[in-house]
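> First the structure, which I've put down as structure tokens, then a few questions once you've had a look.
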Amino acid sequence: MIRVLIADDQALVRAGVRMLLQVAGDMEVIGEAVDGAEAVRLAERHLPDVILMDLRMPKVDGLEAIKRVVRTRPGVRIVVLTTFAEDANVYAALRAGAVGFLVKDDDPERMVDAVRRAAAGEQLLAPSVLRRVVERFLAAGEQHVAPAPPAGLTEREVEVLALVGAGLSNAEIAEELYVGVTTVKTHIAAAMDKLGLRNRIQAAVVAHRTGLVDASFRPVRPPRG
């Protein structure tokens with residue numbers, strides 16, 4: 001059962017999300033927060049697997065809440081809920097440690113799928129969105145990445161990192177390398193741990209800044225198969 005915390009200052013949004021997730025059958029809403037401060041407290045108390053976090057909340061906003069949760073509970077997967085996909089704060093939230101974002105008027109099934117994917121360690125950005133995010137990070141001179149080349153990674157971990165940077169999902173990487181999805185997850189987790197990365201967005205930035213992926217989002221060192 002996936003344990004989910006909903007943080008949004010609008011009661012109607014919280015009620016709708018709660019109903020949607022409960023119907024899914026494999027999720028449990030373990031709490032609802034009306035502001036960022038309460039989200040941090042509930043995350044500490046109930047230890048959710050996934051937090052759906054609105055950015056625009058009173059008292060403590062979602063961005064600050066993400067930073068606080070990541071400091072104390074780095075294993076929690078935080079998905080940003082936003083009204084506008086181009087909200088500049090979304091990029092700051094991803095830098096702070098969120099694993100992706102959902103637009104509030106997305107298809108309901110997308111939200112359910114997103115929670116499952118977040119809990120499983122997947123990224124929540126389509127390749128086109130990942131491209132915009134990575135390009136923005138590079139243009140801003142994002143510094144929270146490892147130096148080139150990535151030190152201490154195995155050859156397979158480097159291959160996997162390159163494919164993450166190209167925007168492939170775990171399933172697509174598994175197909176490309178002829179291995180299981182569980183094996184892919186293991187390699188990604190090991191690479192991120194060695195490089196001190198919080199999420200796949202940062203991993204993609206590292207892949208680009210270390211030359212594993214070119215400007216067209218193609219791996220420079222394609223897997224041999």
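The values are calculated or read from the model by the stated rules, or taken from the named source; none is laboratory data. All figures in this text were calculated on a predicted structure; none of them were measured in a lab. FYI the Cβ positions are ideal-geometry reconstructions off the backbone, even for glycines, and counts take in every protein chain you see. The protein model used for the area step is the full one, side chains on, heavy atoms only, and it has no ligands, DNA or RNA in it. Shrake-Rupley method; radii C 1.70, N 1.55, O 1.52, S 1.80 Å.
> Could you tell me the calculated FRET efficiency between Arg18 and Ala139, based on Cβ-Cβ distance and R0 = 35 angstrom, to the nearest 0.05?
0.35
> Next question. Using a 1.4 Å probe on the protein heavy atoms, what percent of the accessible area of region 1-96 belongs to carbon and sulfur?
54
> Hey, what do the phi angles of region 12-24 turn into as Karplus ³J(HN,Hα) couplings, whole Hz, using 6.51/-1.76/1.60 and θ = phi - 60°, x for Gly and Pro?
So the Karplus estimates, Gly and Pro as x, are 5, 5, 4, 5, x, 5, 4, 4, 4, 6, 5, 5, 4 Hz.
> Here's a follow-up. Evaluate E = 1/(1 + (r/R0)^6) for Ala11 and Arg73, where r is the Cβ-Cβ distance and R0 equals 25 Å; express this FRET efficiency to the nearest 0.05.
0.50
> Run the Debye formula on the Cα coordinates of region 16-61, all scatterers equal and no solvent, and tell me log10 I(q)/I(0) at q = 0.17, 0.22, 0.28 1/Å.
-0.50, -0.79, -1.08
> Could you let me know the centre-to-centre spacing of region 1-52 and region 180-218, using Cα atoms, in angstrom?
Answer, in whole Å: 29.
> Take the Cβ-Cβ distance between Glu28 and Thr154 as r, set R0 to 30 Å, and report the resulting FRET efficiency rounded to the nearest 0.05.
On the way: r = 37 Å, r/R0 = 1.23.
The computed FRET efficiency comes out at 0.20.
> Tell me, what HN-Hα J-couplings in whole Hz come from the Karplus equation 6.51 cos²θ - 1.76 cosθ + 1.60 at θ = phi - 60° for each residue of region 207-220, using x for Gly and Pro?
Going residue by residue, I get 4, 6, 6, 9, x, 7, 9, 8, 5, 8, 6, 10, x, 6 Hz, with x marking Gly and Pro.
> Roll a 1.4 Å probe over the protein chains and send me the accessible area per residue for the chain in Å².
Here the residues of the chain average 46 Å² of exposed surface.
> Under a plain spin-label model, where a point goes 7 Å from the Cα along Cα-to-Cβ, how far apart in nm are Lys59 and Thr182?
A separation of 4.3 nm, rounded to one decimal place.
> Taking the Kirkwood radius as the inverse of the mean 1/r across Cα pairs, report the Rg/Rh of the chain.
In the chain, Rg relative to Rh is 0.97.
> Angle, helix 181-195 long axis vs. longest principal axis of the chain, Cα atoms, 0 to 90°, nearest 10?
90
> Within 10 Å, count the other beta carbons around each residue, average over each peptide in 117-123, 106-112, and list them highest first.
117-123, 106-112
> Still on this structure, please answer the following. Order the peptides 189-197, 168-176 from the highest to the lowest mean number of other Cβ atoms within 10 Å of their residues.
Sorting 189-197, 168-176 by mean packing, highest first, produces 168-176, 189-197.
> Then there is this: Taking the alpha-carbon distance from Lys59 and a cut-off under 16 Å, which lysines remain once sequence neighbours fewer than 8 residues away in the same chain are dropped?
Lys67
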